[in-house]
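So the structure is just underneath, and the comments pick up after that.
The values are calculated or read from the model by the stated rules, or taken from the named source; none is laboratory data. Nothing here was measured: the structure is a model prediction, and the numbers come from that model. In this analysis, Cβ positions are derived from the backbone assuming ideal geometry, glycine residues included, and neighbour counts consider all displayed protein chains.
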């Protein structure tokens, strides 16, 4: 079997053939079985919000049904469907963040949840105006800060605290346009309310409310998720790791961590080093315990511990198909419900752990946040015990892995920039060197390349192609999520990748000793990108929308990505999508996204499927911004 | 403060366009006046227009060729969005400025007497060792006009005190003159010229370092710019407002890895283009930008002590005191004593000081001088004494206002009036020696005591009783040191920071080709820095006694040169000759019709019988490349029995510049006498005062019965 959408991945074909031989079903079999996907759904003009429907309206204004039973036209239906994706995406990131804050509320000096980065705790506490942030006892302060953060989800009045990080002009714009987000839960709830039968039908109003909800993700849920994870588990530091399925070790117990939340994963990493577990592993004939990451849980633990990256979203089934995985341990988001069926063909155990994402089939061991380490040990033990059940004839680990540098949090990136600071001229600890490089034209601009994989396009190809094109043109890339893992596998996250960059970016990489594409973390960590972009804007006294920076999601698929794109555009960043969301059915809504928003947020969505063309558009966009800045 | 950002690349391209216009005008004018066939290359360089040669691989020799240069520069000017093209345009600017320079030099040196302008190949080669050893730790290029000439003088002096070379371009030259800054290549303050285009003279030095020492192939510009970035620690200071031309030149500098620090704001580029409005911080900003670390030794001395003053001469009209020089006895001695016999930092003057009441005001003070330096240390070996003693020459020359010539009991020291007025007295010589000795030799020397004698009786007595016996014992030891009598040779890879593929093999009878590293030096270096540039080569696996080929030598050389050179011989210049870094004192080349070789020293600027100048001969080798028939070497090697002994030895020498011939005559004559019984061999060796034309040289050799004529065919 040959699959053109997997051609870019040199190890995929053999594994797909293996699956086929072994009777294991994959996403590709299911995609085939679905035949042509629903055209009305694709265009966003099918409404099943109330029980009078489903109402499918015509995409053609000239013929066919123009309105649903209640009278909602294609603009309303598309806008409501879009809004619901934003609400769902925002809820996912934010609920994730709430779990982290909860863990922080449970933290104590004795553990198992502990404060690993006290400095950052005090810094955020200070930023949020807690008195005595320098002097209070660590855990007293942590609990106070955690409570304050929990209120960000449901406080009755006021807007989100992290909005203050944005440039003043942007904050004023949010106020003026009435899109400054209030409590996160409120924004999600009110948006869902607006989409209820018989509520908002004005597509512009729905868009505005969607942007506000999206902003409550970016500057709220996601930012809290990132910052509080750093406090709990440490600010990511520059370090070396490896990526791709070749990181599975034939002689060790392989545990794949998949999902998004660091709480359980952190504990699993510790449990995998527990002498008791190692002893059982050895008794079962294994060399040791090899924990590897997949998707954003993988990103969380690679950023903080250098845990190797097994792969991204589309490889979750392939990891199992290698026959070398003892357990896939999952928490929330982006987990195929197909995995429990798939593991039936192998000795692999599939363990879901979150009540929010209980996945039917195989094992469910609920994560007990009061005894997290016990849960972790229990799941690790399942894996270790399972080693002896391996079927040697089914093991086929691709011989491919790639050296990777990871860990570029905002703090670490600034630390790298400090390497080029002349202390007689400037102070350390700022983004001024980055802004200088951009203002001088050495770097033309910056792009945040993020998002998932999607079988509508060739896997990883768009991610990697856009990145390669941009770095060639002296545009520095930062990346998170599955895009970051695509970059890792393609070798773009290593220092040597500077050779693929234009002279300007190459010089910058050599002098700061960084790769041309910087891994900033998981998908909630796109808030790190907002943070660094805001710092550059503040450094120069301009709005984010003035900067030559763009957001890019070449292969996105999840609702979270729709929320992310919304908050990027809401923040003044032109955002390029390689997959068109379900909005084709409304010319008006699409025009609002791609042109009209320029008036509101000074930035727009851009849809472009071809990554090479997309890179050209981005380069021109960046040059236009430079021209307006007079640089 | 708000700074106005500009489109930096627009500024660069504007500057390039201005250079282009001027270059085109000048070339057109020069062609009209001189014709296309006239000589268009720069003087005293083997590389025509060296920068253009490095960039393009083409030597532009005639005025007509300059048109080709204009075309090549234009081809490098492409306006796009990207840094690479902006820097390429900067490189084009360098090409235009070199073309402009060539036009200016068409009738000879276009600058006033005090302005150096273009530097000769020999000058560049003479910097070699100093650059390698970081004795010159960096190169400052100052452009423009300073608001406050006194501050400018402070900056220049600060660089000079740290040993940096400072090149001046523009009004800063006159400002420095007004401030009584002494200038010249030997003082490391070098005026390039008044036009911004004259900055090419520095670029040319950096590029020639890459060609000469790096053996970087001409035409492979990327390699040149990486060489200069990694090995030539230059930077630029721009005072007053910048102009597009300055920024375009800055782009060339940045391409080569040289940061620019501007007084007037322009968009900053971290590490490469910095804005420093505070004149007091320019030096520290610059040193940090180029990551130049200065070893600071605090010395109790009222005048500056820096390698930059090494080349300073004290002339009669400015002389306050003089010691030795055939007028009074003078000697210097370093000797090892036990720890208990040495009181650390004790400096004693025995006899009158230079401010003694007995001297008449206005008359030159003349005194005898004996300098005895007692050193003690557990790792000290008496073999190192002469190594340490030779350094006294440098230490004393580092003193601003002091000149030291000679060694042992032919020492000659002069002090300036300024030094005396600044408070310099004889004990300060002791302070400098004390500080420098510990600074450079701290690994073997734990204690240093200095006795300075000026009492005539005492100086004479100690010379006889103390110094001479030690000199004699050392000479005997040196005579007994032959390549056969030792078990190890040494590598010297000191130059690899500059010439990465070169490695010297130092033997007792063959010192390093720079002339500065003897076998004893290497031995001491190994002791001082066990993993450093001098590593022992166990003498084994002799495969050819005649050429001096050893397996162990080949293995070590292959390893130390990273595989660039796999086989070398010690005594042949035709078969796998030893490589050169480029900073050799002399070069020897075959003159086939005379069946011998000519030797030219770096200082000699004239033509030789082989039709090439020193620079041209030198360009045949260097950079760690083996070129049979050419070999760089030290002056001292000329008197060695091992000098190209595979091809018949010293008797092959048929021609040398007179100065060199006179300098080496004693040793050379002695060697030849021992080997073949011929007396006064150097009388048979031709020099430029006799002939430089091949036929006339042959005539002279025949008339004198030079032995080379009757030897086996050299080739």
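Residues being crowded, with 24+ Cβ neighbours inside 10 Å, at pLDDT below 95 and farther than 26 Å from residue B:191 by Cα: count how many of those fall in segment B:72-128.
Number satisfying all stated conditions: 0.
When you check residue A:618 against the structure, is it within 14 Å of chain B (Cβ to nearest Cβ) and within 23 Å of the chain's Cα centre (by Cα), yes or no? Outline the logic, then answer.
On the way: within 14 Å of chain B (Cβ to nearest Cβ): yes; within 23 Å of the chain's Cα centre (by Cα): yes.
So residue A:618 passes the test.
In segment B:10-40, how many residues are free of Cβ contacts under 8 Å to residues at least 60 places away in the same chain and within 14 Å of chain A (Cβ to nearest Cβ)?
1
Tally up the residues in segment B:370-382 that are over 19 Å from residue B:468 (Cβ atoms) and either under 30 Å from the mean Cα position of the chain (by Cα) or not assigned by TED's automatic domain parsing to the domain that holds residue B:342 (or both), please. Even if it seems obvious, please write down each step before you answer.
To start, the set of residues in segment B:370-382 that are over 19 Å from residue B:468 (Cβ atoms) comprises B:375-381.
Subset that is either under 30 Å from the mean Cα position of the chain (by Cα) or not assigned by TED's automatic domain parsing to the domain that holds residue B:342 (or both): B:375, B:380-381.
Number satisfying all stated conditions: 3.
With (1) free of Cβ contacts under 8 Å to residues at least 24 places away in the same chain; (2) within 23 Å of residue B:227 (Cα to Cα); (3) within 14 Å of chain A (Cβ to nearest Cβ) as the list, and residue B:7 as the residue in question, which single condition is left unmet?
Here residue B:7 meets the rest and fails (2).
For segment A:1-87, please list each of the helices (runs of 4 or more DSSP H) lying entirely inside it that holds at least 1 residues being surrounded by 13 or more Cβ atoms within 10 Å (Cβ to Cβ) and either assigned by TED's automatic domain parsing to the domain that holds residue A:203 or touching a strand residue (DSSP E or B) at 6+ places or on another chain (Cβ under 8 Å) (or both).
Numbers: elements: A:12-21, A:27-33, A:39-43.
Qualifying helices (runs of 4 or more DSSP H): A:39-43.
So residue A:496 clears everything in (1) away from chain B (no Cβ under 14 Å); (2) in contact (Cβ under 8 Å) with a residue 60 or more places away in the chain; (3) more than 21 Å from the chain's Cα centre (by Cα) except one condition, right? Which one?
Failing condition for residue A:496: (2).
Got a sec? Which helices (runs of 4 or more DSSP H) wholly within segment A:430-523 have at least 1 residues that are closer than 22 Å to residue A:89 by Cα and in contact with a helix residue (DSSP H, G or I) (Cβ under 9 Å, 6 or more places away or on another chain)?
Numbers: elements: A:432-440, A:461-472, A:481-489, A:503-512.
So the answer is A:461-472, A:481-489.
Quick one: how many residues across segment A:270-280 are surrounded by fewer than 24 Cβ atoms within 10 Å (Cβ to Cβ) and in a helix (DSSP H, G or I)?
7
When you go through A:576, A:582 one by one, which is the residue that is more than 14 Å from chain B (Cβ to nearest Cβ) and crowded, with 24+ Cβ neighbours inside 10 Å? Show your work before the answer.
Details: A:582 fails: crowded, with 24+ Cβ neighbours inside 10 Å.
When all the criteria are applied, what remains is A:576.
Residue by residue through segment B:274-289, note down the ones that are under 22 Å from residue A:437 (Cβ atoms), in contact (Cβ under 8 Å) with a residue 24 or more places away in the chain and either buried (at least 23 other Cβ atoms within 10 Å of the Cβ) or more than 9 Å from chain A (Cβ to nearest Cβ) (or both).
B:286, B:289
Quick check on this structure: which one of B:616, B:545, B:555 is farther than 17 Å from residue B:644 by Cα and either modelled with pLDDT of 90 or more or more than 25 Å from the chain's Cα centre (by Cα) (or both)? First the steps, then the outcome.
Working: B:616 fails: either modelled with pLDDT of 90 or more or more than 25 Å from the chain's Cα centre (by Cα) (or both); B:545 fails: farther than 17 Å from residue B:644 by Cα.
None of the others qualify; the one that does is B:555.
Could you tell me which of the residues A:445, A:451, A:441 is within 14 Å of another protein chain (Cβ to nearest Cβ), within 25 Å of the chain's Cα centre (by Cα) and under 27 Å from residue A:616 (Cα atoms)? Quick ask: steps written out before the conclusion?
Working: A:451 fails: within 14 Å of another protein chain (Cβ to nearest Cβ); A:441 fails: within 25 Å of the chain's Cα centre (by Cα).
Answer to the selection: A:445.
Which of the numbered conditions does residue B:240 fail, given that it passes all the others? Conditions: (1) surrounded by fewer than 24 Cβ atoms within 10 Å (Cβ to Cβ); (2) more than 13 Å from chain A (Cβ to nearest Cβ); (3) at negative phi; (4) touching a residue at least 60 places away in the same chain (Cβ under 8 Å).
Exception for residue B:240: condition (3).
Can you tell me how many residues in segment A:541-559 are closer than 16 Å to residue A:217 by Cβ and in contact with a strand residue (DSSP E or B) (Cβ under 9 Å, 6 or more places away or on another chain)?
Step one: of segment A:541-559, the residues closer than 16 Å to residue A:217 by Cβ are A:551, A:553, A:556, A:558-559.
Right, trim to in contact with a strand residue (DSSP E or B) (Cβ under 9 Å, 6 or more places away or on another chain) and you get A:551, A:553, A:556.
Total meeting the criteria: 3.
In segment A:415-429, how many are surrounded by fewer than 22 Cβ atoms within 10 Å (Cβ to Cβ), in a helix (DSSP H, G or I) and in contact (Cβ under 8 Å) with a residue 40 or more places away in the chain?
Summing the residues that are surrounded by fewer than 22 Cβ atoms within 10 Å (Cβ to Cβ), in a helix (DSSP H, G or I) and in contact (Cβ under 8 Å) with a residue 40 or more places away in the chain in segment A:415-429 gives 2.
Can you find a residue in segment B:73-83 that is more than 27 Å from the chain's Cα centre (by Cα), under 28 Å from residue B:171 (Cα atoms), within 14 Å of chain A (Cβ to nearest Cβ) and part of a helix (DSSP H, G or I)?
No: zero hits.
Taking segment B:243-273 only, how many residues are more than 11 Å from chain A (Cβ to nearest Cβ), in contact with a helix residue (DSSP H, G or I) (Cβ under 6 Å, 6 or more places away or on another chain) and in a loop (DSSP other than H, G, I, E, B)?
The number of residues fulfilling the criteria is 1.
How many residues does segment B:400-424 hold that are surrounded by fewer than 19 Cβ atoms within 10 Å (Cβ to Cβ) and in a loop (DSSP other than H, G, I, E, B)?
4
I'd like to verify a number: residues in segment A:621-631 that are surrounded by fewer than 14 Cβ atoms within 10 Å (Cβ to Cβ) and facing chain B (nearest Cβ under 10 Å), how many?
In the first step, residues of segment A:621-631 are kept if they are surrounded by fewer than 14 Cβ atoms within 10 Å (Cβ to Cβ); the result is A:624, A:627-628, A:630.
Narrowing further to those that are facing chain B (nearest Cβ under 10 Å): A:627, A:630.
Adding up the residues that qualify gives 2.
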